[in-house]
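Notes follow the structure.
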Amino acid sequence: MQKEILLGFLDQNRKGCQATFKNITEENATFRLTEKTASVGFIYQHIGETANILGQAFGIETNVENTTIGQSDTGTKYDLETSHQLIEQGYQILESAIKNISDENWLEEIEAPFFGKIQRLKLFSIILFHNSHHCGQIASAIVKGN
């Protein structure tokens with residue numbers, strides 16, 4: 001039952017974020033809520049990079065490089081299709097982890113980038129909350145930003 005619950009959480013996160021992601025366009029990718037906040041395109045790339053880089057702690061290696069974590073948005077234009085692919089790859093990493101990690105191992109501590117030792121389940125939840133948080137920022141920037 002635990003795998004079904006985690007897959008349900010993952011599915012809800014994916015669908016909820018997709019409702020925002022489908023509204024990202026080349027025209028609004030540069031939108032920012034304020035001058036000091038990151039742009040839609042930067043945040044979109046950041047979500048994908050973060051899911052992949054943190055997802056490596058589940059034992060699935062990627063070649064994703066960090067260009068956004070801990071960085072400021074300098075106006076670099078990110079390819080939206082690449083960002084989309086990174087996000088999908090991140091969701092696939094989490095889905096694979098759910099399917100391949102035994103129920104009892106979700107409470108084990110693992111070594112994770114930026115967090116050090118952390119329970120697998122906690123890292124999983126951090127990634128989902130991170131996605132949701134930034135989706136809210138993107139949605140606000142698209143509606144109210146310029």
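The values are calculated or read from the model by the stated rules, or taken from the named source; none is laboratory data. The model shown is predicted, which means the values in this text are computed figures rather than measured ones. FYI the Cβ positions are ideal-geometry reconstructions off the backbone, even for glycines, and counts take in every protein chain you see. Side chains are part of the model used for accessible areas, which takes the heavy atoms of the whole protein and leaves out ligands, DNA and RNA. Shrake-Rupley method; radii C 1.70, N 1.55, O 1.52, S 1.80 Å.
Brief remarks follow.
- Residues of the range 73-84 satisfying the condition of being open to solvent by 50 Å² or more (accessible area, probe 1.4 Å) and either closer than 21 Å to Asp11 by Cβ or in contact with a Cys (Cβ under 7 Å, 6 or more places away or on another chain) (or both): His84
- Note on the range 98-110: residues that are surrounded by 15 or more Cβ atoms within 10 Å (Cβ to Cβ), farther than 11 Å from Leu54 by Cβ and aliphatic (A, V, I, L, M) total 2.
- Answer residue from the range 77-110, given it is in a helix (DSSP H, G or I) and among the aliphatic types (A, V, I, L, M) and is farthest from Phe21 (Cα to Cα) among those: Leu107
- Condition met for Gly59 (of a type outside the set (Val, Ile, Thr) and buried (at least 22 other Cβ atoms within 10 Å of the Cβ)): no
- Any hit, the range 26-41, residues being over 20 Å from Ser140 (Cα atoms) and part of a helix (DSSP H, G or I): no
- Filtered residues of the range 111-146 (kept if outside any helix (DSSP H, G or I) and either at pLDDT 95 or above or open to solvent by less than 20 Å² (accessible area, probe 1.4 Å) (or both)): Glu111, Ala112, Phe115, Gly116, Lys117, Ile118, Gln119, Gly145
- A count restricted to the range 8-31 and to residues that are over 18 Å from the mean Cα position of the chain (by Cα) and surrounded by fewer than 19 Cβ atoms within 10 Å (Cβ to Cβ) stands at 5.
- Odd one out for Glu111 among (1) in contact with a helix residue (DSSP H, G or I) (Cβ under 8 Å, 6 or more places away or on another chain); (2) acidic (Asp, Glu); (3) within 25 Å of Gly41 (Cβ to Cβ): (3)
- Sole residue being out of contact with any His (no Cβ under 6 Å at 6 or more places or on another chain), buried (at least 19 other Cβ atoms within 10 Å of the Cβ) and at pLDDT 95 or above, chosen from Ile43, Ile5, Ile69, Ile87: Ile87
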